[in-house]
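Report on one structure; see the data block that follows.
The values are calculated or read from the model by the stated rules, or taken from the named source; none is laboratory data. Fair warning: this is a prediction, and the values are worked out from it, not measured in the lab. Because the Cβ atoms are built from the backbone with ideal geometry, glycine has one as well, and the counts that use them run over all protein chains shown. What goes into the accessible areas is simple: the full protein's heavy atoms, side chains included, and nothing from ligands, DNA or RNA. Shrake-Rupley method; radii C 1.70, N 1.55, O 1.52, S 1.80 Å.
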Amino acid sequence: MKNKHIIYLVSALVLTIISCKKEGFLNRLPLSNISPQTFFKNETDLQLYCNQYYSNLPAQTFLRADDNSDDKANQTINPLLAGTYTIPPAASATDIAGTGAYSAGTATINGTGTNYNFSLIRSCNFFLSNYNKAAVSDDVKNIYVGETLFFRANDYWKKVKAFGDVPYINTYITDTTKTVLYGPRVPHQQVMDSVLKDLNFAVKSIPVTPAQSGRITKYAALALKARICLWEGTYRKYNANAGDPAPYLNAAVEAAEEIINSGAFSIYTTGKPQSDYYNLFIQEELQSNPEAILPMRYLASILTNDITRQLGQNGDGYSKNFVRSFLCTDGLPYSLSPLYKGDNTPDDEVTNRDPRYSQQIATRGFDLLNGDIITLPRIGTTNTSTGYQCIKGRSSSLAAWNAGQSTYDFFIFRYAETLLIEAEAKAEFGQCTQTVLDNTINKLRDRVGMPHMVIAALVKDPKSDFPALPVLLDEIRRERRIELGSEGFRLDDLKRWHAGNLINNPETILGMKLTPALKAQYPASQVSNIIVDANNYIRVYPNIIARTWTDRLYLYPIPTQELTLNSNIKQNPGW
């Protein structure tokens, strides 16, 4: 039954890749070269056109994900958080209407490829202006309209997260003199209300089981709706003058519950709490995994990736602040638990901690590659910047390590995220009961053998990053941080909670404790350049004690040429 609900992306993605590499179909050619009179004739044409969207799906590859947050401190400091990010110029003539009116900026946002490029939206609008020419039923047409609106909604949401108010155009424009091309930015709230309308149509029109393997499903649309609506609802709650959060939080709950109540998905487990979480992210085949709402598929000789190899060479590392957030095995934070052994050695620090600690961070006994066993953290190498080496999605398989040959699948939408959305959105309304927790958070804890979150037993962490937040919401946020570590959500979370100032905590750029006794166990040449602070914690950036968050960082700057092309476009505050 599960196979009916899992999307098989290979066919669509390969078609997109082949068309980009060989023919440039719908990628390099101007849309004016596609004749609506001769192309949009049947369902096959609708499918072929929509295939181009699929390369924009947000797969979670873990590579440098969350380096722009308080979770990690890569050897190469993030320029935005270092205060060295510069306003990009325009980099392309590809834009909303193909006129240069809104050309693409060079900024890459959150590692997702979001920039000031409206070419995908323009392609969506071209389809919406022409799909009715196809000689198929309205129900069939609406499937592909739903797909188109799914991708348009996601792209506009990414632009709102990055830039705030943005130009909003929902029709295909060929007349370059149209004043709409040179109008002001549309307010955030108005754009997001349109995004929600697009999502609702997608959910209503995309089937649970597509006629063709390799297409998004109704559940994928619901997962995207839940993700976007949680972000927007909490953004409106915690950011001044941002609008009414209730409609979006309600929509997040409705979408999450429709997925949950379908019974089509569950948390992956084989009854091995010390390894199931780690193994979830190094699977050759997610098609039959019960946690995969939407997987990114890879197959030998068809479509492969290089992520496992790169994860071992990118100088990444979790921050001290992130590591402190792991609970102890009694369900208490380190600041309250009698089981906490301190952090004088890596072995002490991992003892009696949430099993996801040793399934996300390389600790003693972890096989890095084909029998290369960890005894001490690989500090002073490209393996890790902090001593807390990220191993989520990293396999010891030599086959996966071969350059560009890995066939491990990635999640695009994972059921665990949906459960976290349900719990958080309900808690924001004051409606998160013990039953809600048992059906969401505690499902995740069961996988790793952690004690259940029990509302009546919760105690506020005296070291909480959110001291004024009710304890239930605080602990749900902690659970989200741990479960979704290295999946690229953290900066978006800080922005929607208006919590960017957490970046100022010096522990967000500190690594493990390197005591003189521990340092003596390493070859002198390996650790000679490592700098520690007064408490012996590794300083990843020797010349920076703490980063400084300013409110301008809640939004990225608009590329400079956009301001020249359109005098109605104003730069974001502080840039």
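When you look at Lys392, is it open to solvent by 50 Å² or more (accessible area, probe 1.4 Å), out of contact with any Lys or Arg (no Cβ under 7 Å at 6 or more places or on another chain), in a loop (DSSP other than H, G, I, E, B) and of a type in the set (D, E, K, R), yes or no?
No; evaluated as a whole, the condition is false for this residue.
All but one of (1) part of a loop (DSSP other than H, G, I, E, B); (2) open to solvent by less than 20 Å² (accessible area, probe 1.4 Å); (3) touching a helix residue (DSSP H, G or I) at 6+ places or on another chain (Cβ under 9 Å); (4) at pLDDT 75 or above hold for Leu63; which doesn't?
So Leu63 meets the others, but not (2).
Restricting attention to segment 134-180, which residues are over 26 Å from Gln47 (Cβ atoms), of a type outside the set (Lys, Arg) and in contact (Cβ under 8 Å) with a residue 60 or more places away in the chain?
If the condition is that a residue be over 26 Å from Gln47 (Cβ atoms), of a type outside the set (Lys, Arg) and in contact (Cβ under 8 Å) with a residue 60 or more places away in the chain, then Ala162, Phe163, Gly164, Pro167, Thr176 are the ones that fit.
Among the residues of segment 431-458, how many are of a type in the set (Val, Ile, Thr), part of a loop (DSSP other than H, G, I, E, B) and open to solvent by 40 Å² or more (accessible area, probe 1.4 Å)?
Count: 2.
Going residue by residue through segment 178-194, is there one that turns out to be among the aromatic types (Phe, Trp, Tyr), under 29 Å from Gly430 (Cα atoms) and open to solvent by 10 Å² or more (accessible area, probe 1.4 Å)?
no
Counting only residues that are open to solvent by 10 Å² or more (accessible area, probe 1.4 Å), in a loop (DSSP other than H, G, I, E, B) and aliphatic (A, V, I, L, M), which one in segment 198-241 is modelled with the lowest pLDDT?
Only one residue fits best here, namely Ala211.
Just to check your reading of the model, which residue among Asn572, Asn535 is in a loop (DSSP other than H, G, I, E, B), in contact (Cβ under 8 Å) with a residue 24 or more places away in the chain and more than 18 Å from Tyr238 (Cα to Cα)?
Going through Asn572, Asn535 in turn, the sole match is Asn572.
Can you tell me how many residues in segment 459-487 are in a helix (DSSP H, G or I) and either over 14 Å from the mean Cα position of the chain (by Cα) or not basic (Lys, Arg) (or both)?
Residues in segment 459-487 being in a helix (DSSP H, G or I) and either over 14 Å from the mean Cα position of the chain (by Cα) or not basic (Lys, Arg) (or both): 11 in total.
Which residues, counting only those in segment 330-370, are modelled with pLDDT of 95 or more, under 21 Å from Ala400 (Cα atoms) and surrounded by fewer than 16 Cβ atoms within 10 Å (Cβ to Cβ)?
Gly365, Asp367
Would you please name the residue that is most open to solvent (accessible area, probe 1.4 Å), looking only at residues in segment 507-520 that are within 19 Å of Phe326 (Cβ to Cβ) and part of a helix (DSSP H, G or I)?
Glu507
Against the condition under 24 Å from the mean Cα position of the chain (by Cα) and modelled with pLDDT under 95, how does Gly111 come out, does it pass?
Yes: the conditions hold for Gly111.
How about segment 296-309: which of its residues are farther than 30 Å from Asp465 by Cβ and either at pLDDT 95 or above or open to solvent by 10 Å² or more (accessible area, probe 1.4 Å) (or both)?
Met296, Tyr298, Leu299, Ala300, Ser301, Ile302, Leu303, Thr304, Asn305, Asp306, Arg309
Within segment 548-574, track down each residue that is at pLDDT 95 or above and buried (at least 17 other Cβ atoms within 10 Å of the Cβ).
Within segment 548-574, Trp549, Leu553, Tyr554, Leu555, Asn572 meet the criteria.
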